[in-house]
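Student: Could you have a look at this structure, given as structure tokens, before my questions?
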Amino acid sequence: VPRRVPAGCRSGVVEVERSVTAVLGQDVVLPWRYRAQEQEQVVQVTWLKRGPGGHGAKVAVLDRQHGEHVQEPYTGRVLRRAPEAALEDSAIVLRN
């Protein structure tokens, strides 16, 4: 859920690709990086798949304290590209 930043406060920047090309049957990397400001820390990243009408279906939740949780039918198909990295680098690999 997006949070409002009080006026005058600075926040980091989310870096994503405007477009990602995938080949049917092959793995694809979905990049996501957060350039945090001083004393900011990412505690959770939620990946959603946008469906018809713009509604989002949860694919995976990456949580600093509770680990990774991948929803069906994505179990075994969604992996973090760099599992040892901090959540500020939460790119995922979508297999096949």
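Student: In region 54-72, is there at least one residue being surrounded by 15 or more Cβ atoms within 10 Å (Cβ to Cβ), part of a loop (DSSP other than H, G, I, E, B) and among the basic types (Lys, Arg)?
Tutor: Scanning region 54-72, I find no residue that is surrounded by 15 or more Cβ atoms within 10 Å (Cβ to Cβ), part of a loop (DSSP other than H, G, I, E, B) and among the basic types (Lys, Arg), so the answer is no.
Student: Looking only at region 10-23, count how many residues are more than 18 Å from ILE92 (Cβ to Cβ), more than 14 Å from the chain's Cα centre (by Cα) and either loosely packed, with under 11 Cβ neighbours inside 10 Å or of a type in the set (D, E, K, R) (or both).
Tutor: The qualifying residues number 1.
Student: Mind listing just one residue for me: the one in region 30-42 that is closer than 16 Å to VAL16 by Cα and charged (D, E, K, R) and, of those, least open to solvent (accessible area, probe 1.4 Å)?
Tutor: ARG33
Student: Separate question: Determine which member of the set VAL45, VAL93, VAL78 is of a type in the set (A, V, I, L, M), free of Cβ contacts under 8 Å to residues at least 60 places away in the same chain and either within 14 Å of VAL28 (Cβ to Cβ) or open to solvent by 30 Å² or more (accessible area, probe 1.4 Å) (or both).
Tutor: Testing whether each residue is of a type in the set (A, V, I, L, M), free of Cβ contacts under 8 Å to residues at least 60 places away in the same chain and either within 14 Å of VAL28 (Cβ to Cβ) or open to solvent by 30 Å² or more (accessible area, probe 1.4 Å) (or both) leaves just VAL78.
Student: Please verify whether region 53-66 includes one or more residues that are under 11 Å from the mean Cα position of the chain (by Cα) and among the acidic types (Asp, Glu).
Tutor: Among the residues of region 53-66, at least one is under 11 Å from the mean Cα position of the chain (by Cα) and among the acidic types (Asp, Glu), which makes the answer yes.
The values are calculated or read from the model by the stated rules, or taken from the named source; none is laboratory data. Computed from a predicted structure; not experimentally measured. Every residue, glycine as well, gets a Cβ built from its backbone with ideal geometry; the counts of neighbours run over all protein chains shown. Calculation scope for accessible area: heavy atoms of the full protein, side chains included, ligands and nucleic acids excluded. Shrake-Rupley method; radii C 1.70, N 1.55, O 1.52, S 1.80 Å.
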